[in-house]
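The structure appears below as structure tokens.
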Amino acid sequence: MQLSSNRFGSLEVAEEALLTFPSGLVGFPSHRRFVVVEVGDSSEYQWLQSADEPSLAFVLVDVQALGTDYQVEIPDDNLKELDVQATDSVSLLAVVTIPNDAPERASANLRAPIVVNQRTRKGKQLILHESIPIRFPLIPEQALESAESARSTTTASV
């Protein structure tokens, strides 16, 4: 099938590659069909592109790539909704926010992860407890401070 995307232009997508979100996504309940667009062969990031709205796309990261001990217990009713069987492969993804004025402050939303059953191609966005970070920094604060310090030292010595 042919999809239109503001970001990627025209995309040829196999019907079986579509992900279906029966409940939509948080803030986008009427958008239920998406496709994952790979950024590159070695990238940890992907795009979740709406199959029905060309301007709607989200950057995603697999939570395992974040190097945290983040674990989620998926409620039974959600597993049932996704028709998860014991042998199914399930992906856990986080939506990435990249501020326009400070891309180095990009963060992953761990409070509302996306769960995808790879067999059924069904997905659901969970809403977890408030104690889980909504803005988990992709670049640790220490690394940002070190880079900032190095830039100001380099600038001062010019």
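The values are calculated or read from the model by the stated rules, or taken from the named source; none is laboratory data. Remember, it's a predicted structure, so these values are computed and weren't measured experimentally. For neighbour counting, all protein chains shown are included, and Cβ atoms are generated from backbone atoms with ideal geometry for every residue, glycine included. In case anyone asks, the SASA skips ligands and DNA or RNA and just uses the protein heavy atoms, side chains included. Shrake-Rupley method; radii C 1.70, N 1.55, O 1.52, S 1.80 Å.
Worth pointing out:
- Residue pairs whose Cβ atoms lie under 8 Å apart, sitting 6 or more positions apart in sequence or on different chains, and linking a residue in the stretch 35-63 that is touching a residue at least 60 places away in the same chain (Cβ under 8 Å) to a partner that is among the polar types (S, T, N, Q) and open to solvent by less than 50 Å² (accessible area, probe 1.4 Å), are V61/Q46.
- Residues of the stretch 30-54 classified as part of a loop (DSSP other than H, G, I, E, B), under 17 Å from the mean Cα position of the chain (by Cα) and at pLDDT 95 or above, total: 3
- Conditions (1) open to solvent by less than 60 Å² (accessible area, probe 1.4 Å); (2) assigned to a loop (DSSP other than H, G, I, E, B): number failed by D83: (1)
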